[in-house]
1. Return the residue satisfying two criteria in turn: it lies in the range 11-47 and is part of a loop (DSSP other than H, G, I, E, B) and among the hydrophobic types (A, V, I, L, M, F, W, C), and of such residues it is farthest from the chain's Cα centre (by Cα).
2. Could you tell me which residue of the range 18-56 is most open to solvent (accessible area, probe 1.4 Å), considering only residues that are free of Cβ contacts under 8 Å to residues at least 12 places away in the same chain and closer than 13 Å to ASP72 by Cβ?
3. Take the range 10-56 and flag every residue that is polar (S, T, N, Q) and over 16 Å from GLU83 (Cβ atoms).
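The values are calculated or read from the model by the stated rules, or taken from the named source; none is laboratory data. Not measured: the values here are computed from a predicted model. Please note: Cβ atoms are built from the backbone with ideal geometry, for glycine as well, and neighbour counts cover all protein chains shown. For the accessible areas, the whole protein counts, side chains as well, though only heavy atoms, and no ligand, DNA or RNA atoms are used. Shrake-Rupley method; radii C 1.70, N 1.55, O 1.52, S 1.80 Å.
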Amino acid sequence: MKDRVTVGVAGAGRALELHAFGYKRSNISVRLKTVMARRDEQINEAVERYGFEKGTNSYKDLLNDPEIDVIDICTPPYVHKEEIIQAMYAGKHVICE
């Protein structure tokens, strides 16, 4: 069993704020590795505010990172289906609401 779960998050809006709060309150060791968003200012704010190691504009960076165990999808609902399918094909666990 792993000592901690490495998470990549797609989206940097309100849902990320709620999920990041949940990660901090959980009793699971979580590594917030990469946050993905369309705009650089969203990425920079998420890295600073929530402690991500890095940010990206590309969802493929989350999919192709062998260290990321879970992709937490915090994007608008109209892209959820495609992102979930891609993440599962990449062998990732998925969080999406």
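1. As a first pass, look at the range 11-47 and keep what is part of a loop (DSSP other than H, G, I, E, B): 11-13, 26-29, 37-39.
Restricting the remaining residues to those that are among the hydrophobic types (A, V, I, L, M, F, W, C) gives 12, 28, 37.
Working: ALA12: 9, ILE28: 16, ALA37: 10 Å.
Here the answer is ILE28.
2. By that ranking, first place goes to PHE21.
3. Filtering the range 10-56 for residues polar (S, T, N, Q) gives 26-27, 29, 34, 42, 44, 56.
Selection gives SER26, ASN27, SER29, GLN42, ASN44.
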